[in-house]
Amino acid sequence: MFLPTNDKQFEFWKMRRSGMPNITIANMLGISRQAVSRALLLMDERIESTLREMAQANQIAVHKINAERGILIGRSVPFQAAAIVFVSEKHGVQVWYEHDGDCGSCLRYTECIELLWDYATELGIRIEKTADPTKMAEELFTKVKAMV
């Protein structure tokens, strides 16, 4: 499940995920459009494989995958809850289960807020600022699901 986030292919992938066309990536880096396309095809395969492995490891039944965005939508078999597996440049591969959390008493409160803001920023998604990570996650992942 290793994703080489410091690899050139991953950099190309991040650029494309942010909306940059292949030709722009190629021109910026002084390489051919075909080289960018080949690299992105390989990276998409790695991303999809990683998402599927993470889903399998967490017993998540896969419903949809978008390797270009680094998103897998599924359902946790043991928890009977919606689940999203996603690739974050800053946080790596993450699994998020739909749940009603007691965020005020959770030790990971700050970590969750940071992850949600970072991921929304990576995808160019605007979410409302709130002190409740559960509400932020609901808004973010509703928008993420629409992308897939």
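The values are calculated or read from the model by the stated rules, or taken from the named source; none is laboratory data. Since the model is a prediction, treat every value here as computed from it, not as a measurement. Cβ atoms come from the backbone with ideal geometry, glycine included; neighbour counts cover every protein chain shown.
Tabulated results
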quantity	calculated
Region 68-83: number of residues that are crowded, with 19+ Cβ neighbours inside 10 Å and not in a loop (DSSP other than H, G, I, E, B)	5
Meets criteria (in a strand (DSSP E or B), in contact (Cβ under 8 Å) with a residue 12 or more places away in the chain and in contact with a Leu (Cβ under 9 Å, 6 or more places away or on another chain)) for ILE125	no
Residue within region 17-24 that is out of contact with any helix residue (DSSP H, G or I) (no Cβ under 7 Å at 6 or more places or on another chain), free of Cβ contacts under 8 Å to residues at least 40 places away in the same chain and farther than 18 Å from GLU122 by Cβ present	yes
Any hit, region 106-115, residues being surrounded by 14 or more Cβ atoms within 10 Å (Cβ to Cβ), more than 17 Å from TRP13 (Cβ to Cβ) and of a type in the set (A, V, I, L, M)	yes
Enumeration of residues in region 6-16 that are within 12 Å of MET43 (Cα to Cα) and either charged (D, E, K, R) or surrounded by fewer than 16 Cβ atoms within 10 Å (Cβ to Cβ) (or both)	ASP7, LYS8, GLU11, LYS14, ARG16
ILE25 vs. criteria at pLDDT 95 or above, crowded, with 18+ Cβ neighbours inside 10 Å, out of contact with any His (no Cβ under 8 Å at 6 or more places or on another chain) and within 26 Å of GLU111 (Cα to Cα)	no
Pairs where the first residue, in region 41-67, is loosely packed, with under 13 Cβ neighbours inside 10 Å and the second is among the charged types (D, E, K, R), C-beta under 7 Å, 6+ apart	ALA61/ARG75
Cross-chain or 6+ apart pairs with Cβ under 7 Å, region 91-113 first and in contact (Cβ under 8 Å) with a residue 12 or more places away in the chain and more than 20 Å from ARG75 (Cα to Cα), then among the acidic types (Asp, Glu) and outside any loop (DSSP other than H, G, I, E, B)	HIS91/ASP118
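Residue by residue, here is whether (1) charged (D, E, K, R); (2) in a loop (DSSP other than H, G, I, E, B); (3) at pLDDT 95 or above; (4) more than 18 Å from the chain's Cα centre (by Cα) holds:
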position: THR5; (1), (2), (3), (4): no, yes, no, no
position: GLU11; (1), (2), (3), (4): yes, no, no, no
position: GLY19; (1), (2), (3), (4): no, yes, no, no
position: THR50; (1), (2), (3), (4): no, no, yes, no
position: ALA55; (1), (2), (3), (4): no, no, yes, no
position: VAL85; (1), (2), (3), (4): no, no, yes, no
position: ASP100; (1), (2), (3), (4): yes, yes, no, yes
position: LEU107; (1), (2), (3), (4): no, yes, no, yes
